[in-house]
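Peer 1: Below: one structure in structure tokens.
The values are calculated or read from the model by the stated rules, or taken from the named source; none is laboratory data. Treat the numbers as computed from the prediction; the structure is a model and nothing was measured. Every residue, glycine as well, gets a Cβ built from its backbone with ideal geometry; the counts of neighbours run over all protein chains shown. For the accessible areas, the whole protein counts, side chains as well, though only heavy atoms, and no ligand, DNA or RNA atoms are used. Shrake-Rupley method; radii C 1.70, N 1.55, O 1.52, S 1.80 Å.
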Amino acid sequence: MKKYKCTVCGHIYNPVEGDPDSGIAPGTLFEDIPDDWRCPVCQVTKEDYELMD
């Protein structure tokens, strides 16, 4: 599963963990997160995340 990193604050979205505090269940791929989801740290949108190598 691919991880994505916030280019603003460095938060890493790990699909294995999801983001339960925001209603994103563990196992949810980044592509499947709703478009209105925000970074739990700095509140930017998904567009500010980039795929990690």
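Peer 1: Considering only residues of the chain that are part of a loop (DSSP other than H, G, I, E, B) and of a type in the set (S, T, N, Q), which is most open to solvent (accessible area, probe 1.4 Å)?
Peer 2: GLN43
Peer 1: Also, quick follow-up: I'd like the full set of residues that are without any contact (Cβ under 8 Å) to a residue 24 or more places away in the chain and either aromatic (Phe, Trp, Tyr) or at positive phi (or both), limited to the range 28-50.
Peer 2: Passing the criteria: TRP37, GLN43.
Peer 1: Another question, then. Of the numbered conditions (1) without any contact (Cβ under 8 Å) to a residue 40 or more places away in the chain; (2) under 10 Å from the mean Cα position of the chain (by Cα), GLY23 satisfies every one except a single condition; which is it?
Peer 2: Single failed check for GLY23: (2).
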